[in-house]
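Below is one structure, written out as structure tokens, with a few remarks after it.
The values are calculated or read from the model by the stated rules, or taken from the named source; none is laboratory data. For clarity, every value in this text was computed on a predicted model and none was experimentally measured. Heads up, the Cβs are rebuilt from the backbone with ideal geometry, glycines too, and the neighbour counts pull from every protein chain shown. Each accessible area value is taken on the protein alone, full model and side chains, heavy atoms only, with ligands, DNA and RNA left out. Shrake-Rupley method; radii C 1.70, N 1.55, O 1.52, S 1.80 Å.
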Amino acid sequence: GMITGTYDIRILSRPHIWFKGVSIEEGKAIELEAGGYGKLLITGDDAVGNPIKATFFMYDPQDRENVLTSGRVNTALDVLSGDYYVYVDSNPDITFEDVVVRRGETTTLELPKRGRLNITANDFENKPLNIDYFIYKKGEWENLFEGGCTNKPEDLPPGEYNVYVNSDPDAKYADVRIKPGEITEIKLPEFGALLVKGLDAQGKPLFPGA
């Protein structure tokens, strides 16, 4: 029961549902239909066919500062019917504009197929080295597209890239091609070791700073 009058009614769903100017009259029952739910399913595999584990976030297309709801890639999510902007935290990120979810239906989005870059580096004892590298779009060496570390494969959208390896001395690789569903491997030159020995005036080994 409610006192007669005119009301704005908000349902605390995600997103909120508003009914504006609802008139409550004496002796009358008002029935309002609060939309309905559909499902959103975002599918995608990595470069070697394993299901991607990533989180996605849904926004009102006119308000991209406040997350309405979130889910996981390859898992269907119940969503109130409506239009959405979807952001997938997939490194690099992917966005979908004008995603429509309808009552009683499943909206399916497929992530683009990726390739994989693997840069290997070992020391003179053949132990893996952790060296940072930086990926740029083809023809660029300034606007960073993605970063990674040697011996840790990085999935990338298909295309051609420039790669800068901070290996001291540094190494640059231009026009590195990434193909969907394939692994592109770069092996850094083998490292050696330099040991300089010295003795002081008393015949004792010298140490840095001595």
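Classify the stretch 112-153 as rounded, prolate or oblate from the Cα gyration tensor: take a ≥ b ≥ c as the square roots of its eigenvalues, call it rounded if a/c is under 1.5, otherwise prolate when a/b beats b/c and oblate if not. Judged from the Cα gyration tensor, the stretch 112-153 comes out oblate (a/c at least 1.5, b/c at or above a/b). Heavy-atom accessible surface of Met2, to the nearest 10 Å², is about 110 Å², with a 1.4 Å probe and all protein chains retained. Shown here: semi-axes √(5λ) of the Cα gyration tensor in Å, derived from the displayed model; of the candidates (1) 38, 20, 14; (2) 58, 21, 14; (3) 25, 21, 17, it corresponds to (2).
Got a number for carbon plus sulfur as a percent of the chain's accessible area, 1.4 Å probe? Show your work: numbers first, answer last.
Values: 6630 of 13770 Å².
Looking at the chain in its full context, I get 48 percent from C and S.
When the alpha carbon coordinates of the stretch 79-128 are projected onto the principal axes, the ranges are 61, 16, 15 Å, largest first. Qualifying chymotrypsin sites (Phe, Trp or Tyr not before Pro) in the stretch 111-210, where qualification requires a DSSP coil assignment and no more than 16 other C-beta atoms within 10 Å, comprise Phe124, Trp141, Phe191. Computed from backbone phi, the HN-Hα couplings of the stretch 160-166 come to 10, 9, 9, 10, 10, 10, 7 Hz, rounded to whole numbers (Karplus: 6.51 cos²θ - 1.76 cosθ + 1.60, θ = phi - 60°; Gly and Pro given as x). For the chain, the solvent-accessible area of protein heavy atoms averages 66 Å² per residue (probe radius 1.4 Å; ligands and nucleic acids excluded). Applying a DSSP loop filter and a limit of 16 other Cβ atoms within 10 Å to the GluC sites (Glu not before Pro) in the stretch 105-210 leaves Glu105, Glu125, Glu140, Glu142, Glu182, Glu190.
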